[in-house]
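The values are calculated or read from the model by the stated rules, or taken from the named source; none is laboratory data. Only a predicted model underlies this, so the values are computations on that prediction, with no experimental measurement involved. When we count neighbours, we look across all protein chains shown, and the Cβ atoms used for this are built from the backbone with ideal geometry, even at glycine. Ligands, DNA and RNA are excluded from the accessible area calculation, which covers all protein heavy atoms including side chains. Shrake-Rupley method; radii C 1.70, N 1.55, O 1.52, S 1.80 Å.
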Amino acid sequence: MQTLAPAEPYTTEFEAVVESRDDDELVLDETYFYAESGGQPPDRGTLAGERIVDVQERDGEIVHTLADAPAVEVGETVAGRIDPAFRTYCMRAHTASYMLYGAGRRLFDDLGYGGFDIDEHKVRVDFATPTAIDDAALVTLERLVNRAVWDSKDVTWETAPREAALARDDVAFNTKTEEGIAGEAVRLVDVDGWDVAACGGTHVRNTREIGPVAALDRSNPGEGVTRVEFAVGPAAIQRRSAEKTAALDAAAALETRVTDLPDAVARLRDERDALAAERTGLQERLVESRLDELRETVVERDGHRWLVGTVDHLDTNELAERANDLAGSAADAVALVGADGESIAVATDGEIDASRVVDDLTAEFGGGGGGSETVAQAGGFDADPEKLVAFLHTGGVETTN
């Protein structure tokens with residue numbers, strides 16, 4: 001026995017006879033409750049006065065699971081009350097998913113139907129296509145769907161022979177669940193002039209019943225698949241309201257109009273890039289000035305010239321690059337310490353083992369590092385940078401000779 005919900009989705013109250021019972025589970029001689037299938041959740045409501053917690057199809061029967069075991073026996077007539085708000089939401093959301101897929105057919109190449117799901121707040125459709133779906137495509141999808149909703153297209157359903165339906169290029173099939181194509185007949189849902197799909201779900205009779213649709217997000221759950229999430233009805237209105245509020249607030253902060261926000265943002269980006277370039281230039285000058293200072297402080301130790309000091313605005317790799325540039329010309333060994341004391345780079349002319357210097361530092365101050373005889377790095381110190389500098393000025397580091 002199949003549910004009558006897809007054929008008569010607007011029926012939300014009915015009476016039926018209990019055919020079997022297993023504690024809190026009832027099977028009726030007929031039912032209008034929708035059993036979870038193909039991405040659409042089960043209906044909510046009450047049966048025999050008890051709350052429905054699940055509806056599933058098992059071995060060709062529709063099993064209604066109740067919150068509490070009802071005081072009814074096999075053969076009794078019971079009343080079913082389907083939650084009209086949730087049923088209507090699912091009808092609108094399910095039809096909207098095919099509206100979205102129909103829009104995708106008009107935009108993307110080699111489109112396949114990769115899946116669909118409804119939850120309380122949003123709906124998702126998985127597009128199987130090699131076409132990259134970017135923000136602009138998402139906006140276009142939303143516009144096309146809402147235009148088709150506004151056009152008040154009729155929605156109809158009928159059954160067709162399975163092989164004939166599979167042979168039609170205009171019919172969308174859920175290749176993940178193969179919904180609606182298991183038997184000899186296929187139920188086809190037709191949005192007039194827009195989309196045809198094999199589907200066993202509940203749908204509205206006209207697209208105008210869907211209401212507003214708002215694209216929420218996109219992601220890539222697998223290769224060649226783009227997941228598009230959208231909201232229908234009140235959730236879509238809330239999303240649009242939040243976006244409009246954010247846009248108005250941004251426009252007010254930038255002292256411009258919403259329609260001029262892209263130009264205002266572009267100007268801000270240019271200003272930011274210019275300031276960043278200026279800052280980088282100033283930092284470079286500060287680094288060069290600091291290195292010039294350190295050239296004047298080269299010390300003699302164990303017969304070798306050492307250039308040691310702290311330098312700000314450089315990461316560990318940049319410290320190593322600058323130390324390597326100076327090694328051999330400015331001093332036999334160059335050890336540059338980050339101004340925060342977190343990192344250090346050592347470069348030598350080859351007579352002093354740079355890796356040995358790093359080993360001595362980590363043995364004294366912790367952290368870790370390594371490198372070659374001529375260039376080595378270390379980090380993770382928990383010490384004042386000046387202590388590192390003092391150690392390097394006086395520490396007993398052996399040469400390679």
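Within the stretch 2-45, being at positive phi and more than 40 Å from the chain's Cα centre (by Cα) holds for one residue alone: D23.
Kindly list, by first and then second residue, each pair from a residue in the stretch 292-307 that is in contact (Cβ under 8 Å) with a residue 24 or more places away in the chain and open to solvent by less than 80 Å² (accessible area, probe 1.4 Å) to a residue that is of a type in the set (K, R) and assigned to a strand (DSSP E or B), limited to pairs with Cβ atoms under 8 Å and residues at least 6 apart or on different chains. Note: pairs meeting the criteria are V298/R305; V299/R305. Taken over the stretch 129-148, the residue count meeting the criterion of being open to solvent by 10 Å² or more (accessible area, probe 1.4 Å) and part of a helix (DSSP H, G or I) is 11.
If you go through the stretch 209-252 one residue at a time, how many are within 24 Å of F86 (Cβ to Cβ), part of a strand (DSSP E or B) and not hydrophobic (A, V, I, L, M, F, W, C)? Here the count works out to 3. Could you say whether any residue in the stretch 370-380 is within 23 Å of S289 (Cβ to Cβ), out of contact with any Gly (no Cβ under 9 Å at 6 or more places or on another chain) and either at pLDDT below 90 or surrounded by 15 or more Cβ atoms within 10 Å (Cβ to Cβ) (or both)? No; the residues of the stretch 370-380 include none that is within 23 Å of S289 (Cβ to Cβ), out of contact with any Gly (no Cβ under 9 Å at 6 or more places or on another chain) and either at pLDDT below 90 or surrounded by 15 or more Cβ atoms within 10 Å (Cβ to Cβ) (or both).
Taken as a whole, the stretch 13-30 holds no residue that is in a loop (DSSP other than H, G, I, E, B) and among the aromatic types (F, W, Y).
A single member of E288, E255, E271 is assigned to a loop (DSSP other than H, G, I, E, B), open to solvent by 60 Å² or more (accessible area, probe 1.4 Å) and charged (D, E, K, R), and it is E255. With respect to the stated conditions, F33 fails to be in a strand (DSSP E or B) and within 22 Å of R205 (Cβ to Cβ). Criterion applied to L319, L314 was being surrounded by 17 or more Cβ atoms within 10 Å (Cβ to Cβ), part of a loop (DSSP other than H, G, I, E, B) and out of contact with any helix residue (DSSP H, G or I) (no Cβ under 6 Å at 6 or more places or on another chain), and the one residue passing it is L314.
Quick one: which strands (runs of 3 or more DSSP E) sit completely within the stretch 46-128 and have at least 1 residues that are over 30 Å from G224 (Cβ atoms) and open to solvent by 40 Å² or more (accessible area, probe 1.4 Å)?
Ranges flagged: 50-58, 61-66, 77-82.
Put simply, of R257, R240 the only residue that is within 27 Å of L107 (Cβ to Cβ) and among the charged types (D, E, K, R) is R240. When D43 is tested against (1) closer than 27 Å to V125 by Cβ; (2) in contact with a Leu (Cβ under 6 Å, 6 or more places away or on another chain); (3) open to solvent by less than 10 Å² (accessible area, probe 1.4 Å), just one condition goes unmet, and that condition is (2).
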